[in-house]
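The values are calculated or read from the model by the stated rules, or taken from the named source; none is laboratory data. In this text the structure is predicted, and so the values were computed from the model without any measurement. Glycine also receives a Cβ, built like all others from the backbone with ideal geometry; neighbour counts cover every protein chain displayed. Heavy atoms of the whole protein, side chains included, go into the accessibility calculation; ligands, DNA and RNA do not. Shrake-Rupley method; radii C 1.70, N 1.55, O 1.52, S 1.80 Å.
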Amino acid sequence: GEVIVDPLIRTTISDDRGEEPRYRGYAASQLCEKGYGIEDVIGLLWNKKLPTREESEIVKRIIMISADHGPAVSGAYGTILGACAGIDMPQAVSAGMTMIGPRFGGAVTNAGKYFQMGVKDFPNDIPGFLAWMKKNVGPVPGIGHRVKSLRNPDQRVKYLVSYVKNETSLRTPCLDFALEVEKVTSAKKDNLILNVDGTMGAILMDLGFPIHSLNGFFVLARTIGMIGHWIDQNEQNSRLIRLYDYLINYAVEDEREV
Ligand code: Q5B
């Protein structure tokens with residue numbers, strides 16, 4: 001007779017039982033035909049709904065602006081080290097990807113989470129928010145940058161904030177809160193600015209993306225850059241990287257006998 005088994009997994013985003021994949025019911029080819037873009041596919045698969053045109057334009061800019069940041073940052077450098085060691089693209093890209101964490105690129109989710117908490121629990125009380133963060137969390141995710149500062153502003157952040165606020169009708173309570181936090185932190189130390197992770201996190205919360213999806217935007221975007229760095233190194237036949245002694249502070253014991 002018929003054997004009935006419990007399903008092993010449950011999915012709510014896509015369906016591959018028909019002639020082509022459907023994202024939340026929409027055929028991928030039809031989305032292409034009708035002029036939708038990758039940002040709309042992200043909306044369907046990560047937020048289970050088609051964004052409005054205005055929302056899509058914001059998502060597109062977030063991805064474009066964070067796709068790469070040159071070879072010096074942890075992610076690109078990790079991928080370049082891997083490429084120069086001769087490893088294949090997926091492994092070299094995942095070497096760079098491994099760097100994405102609380103200090104580098106992976107602060108988007110927590111920035112969104114805590115700025116949203118600030119809007120709810122500390123309205124008009126930035127000092128109270130900062131005191132709570134210091135006691136319970138540590139450095140505020142989304143605030144601070146190694147090289148950018150009030151004197152050397154991050155143009156990506158300036159552009160995104162200005163685009164969202166001046167060229168869209170998005171309500172921006174999280175972004176507004178984040179900008180108020182920046183006023184206080186950057187007055188204390190001028191590199192404690194709202195950084196790209198924090199800006200993305202705040203805007204994505206205002207767009208209504210699920211908290212757990214937020215780091216995904218940096219991961220997705222920066223994969224584009226990391227793949228670029230792997231291709232670039234391979235096309236140049238780059239040699240194995242080995243650190244010169246002068247780049248290392250050997251804080252070790254003098255040679256001695258046992
Ligand atoms: N302090 C980003 O720190 C960095 C503080 C703070 C209160 C804060 C730091 C941080 C939160 C995590 C975050 C994303 C590690 C950064 C990105 C993408 C990127 C990268 C690129 C790209 C930099 C020195 C003093 C200490 C700290 C205090 C620092 N941050 N206080 N809230 N948030 N931020 N990450 O300069 O009294 O001296 O002990 O963890 O949002 O990753 O372009 O490079 O596109 O690739 O190394 O933009 O800000 O300084 O950590 O030694 O701190 O400042 O407590 O105080 P630094 P630290 P004190 S965007």
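Please say if the stretch 171-258 is rounded, prolate or oblate, where rounded means a/c under 1.5 for a ≥ b ≥ c the square roots of the C-alpha gyration tensor eigenvalues, and otherwise the choice is prolate for a/b larger than b/c and oblate otherwise? Oblate, because a/c is 1.5 or more while a/b does not exceed b/c.
Think of the stretch 15-101 as a dipole: +1 on every Lys or Arg Cβ, -1 on every Asp or Glu Cβ, centred on the Cα centre; then among Ala85, Ile58, Met99, Ile58 lies furthest on the positive end. Computed over the stretch 34-96, the convex hull of the alpha-carbon atoms projects to a mean area of 5.6 nm². The phi-based Karplus calculation (6.51 cos²θ - 1.76 cosθ + 1.60; θ = phi - 60°) puts the 3J(HN,Hα) values of the stretch 144-159 at x, 8, 5, 10, 7, 7, 4, 7, 10, x, 7, 5, 5, 5, 4, 5 Hz, whole numbers, x for Gly and Pro. Note on Ala27 and His212: their simple-model spin labels are 3.1 nm apart, each label 7 Å out from Cα toward Cβ.
Using a probe of 1.4 angstrom and keeping all protein chains present, the accessible surface of the chain works out to 62 square angstrom per residue.
Once the Cα-Cα distance is subtracted from the 0.36 nm per residue extended length, the Ser149 to Arg171 segment shows a gain of 5.3 nm.
The stretch 39-60 and the stretch 189-257 have Cα centres lying 26 Å from one another.
Could you check how much of the accessible area of the stretch 28-157 is carbon and sulfur, as a whole percent, using a 1.4 Å probe? C and S fraction of accessible area: 57 percent.
Here the simple spin-label model places points 7 Å from the Cα toward Cβ, and for Leu247 and Ile231 these points are separated by 2.5 nm. Within the listed set Pro127, Pro102, Pro51, the Gaussian network model of the chain (springs between alpha-carbon atoms below 10 Å) gives the highest mean-square fluctuation for Pro127.
Could you order Thr11, Thr109 by accessible surface area, starting with the largest, using a probe radius of 1.4 Å? Intermediate results must be reported in sequence, preceding the final value.
Numbers: Thr11 85, Thr109 20 Å².
I get Thr11, Thr109, largest accessible area first.
Each residue was assigned an accessible area with a 1.4 Å probe, and for Cys32 the value is about 100 Å².
Is the shape of the chain best called rounded, prolate or oblate, per the rule: a/c under 1.5 gives rounded, else a/b larger than b/c gives prolate, else oblate, with a ≥ b ≥ c the square roots of the Cα gyration tensor eigenvalues? Verdict is oblate for the chain. Only helices enter the 222 nm calculation for the chain: every DSSP H run of n ≥ 4 contributes -39,500 (n - 2.57), and dividing by all residues gives -17000 deg cm²/dmol, rounded to 500. Inter-part distance, the stretch 140-154 to the stretch 65-129, computed on C-alpha centroids, equals 14 Å.
For the pair Glu257 and Thr11 in one chain, pulling the backbone fully straight at 0.36 nm per residue adds 82.2 nm over the alpha carbon distance. So, in nm, how far is label Val3 from label Trp132 when the simple model puts each one 7 Å beyond its Cα toward the Cβ? Result for the modelled spin labels: 5.4 nm. Once a ≥ b ≥ c are taken as the square roots of the eigenvalues of the Cα gyration tensor of the stretch 107-198, is the result rounded (a/c under 1.5), prolate (a/b larger than b/c) or oblate (a/b not larger than b/c)? Since a/c reaches 1.5 but b/c is at least a/b, the shape of the stretch 107-198 is classed as oblate.
From the residues Tyr244, Val119, Ser14, which one has its Cα farthest along the dipole of the chain in the positive direction, the dipole being from +1 and -1 charges on Cβ of Lys/Arg and Asp/Glu about the Cα centre? The Cα lying farthest towards the positive end belongs to Val119.
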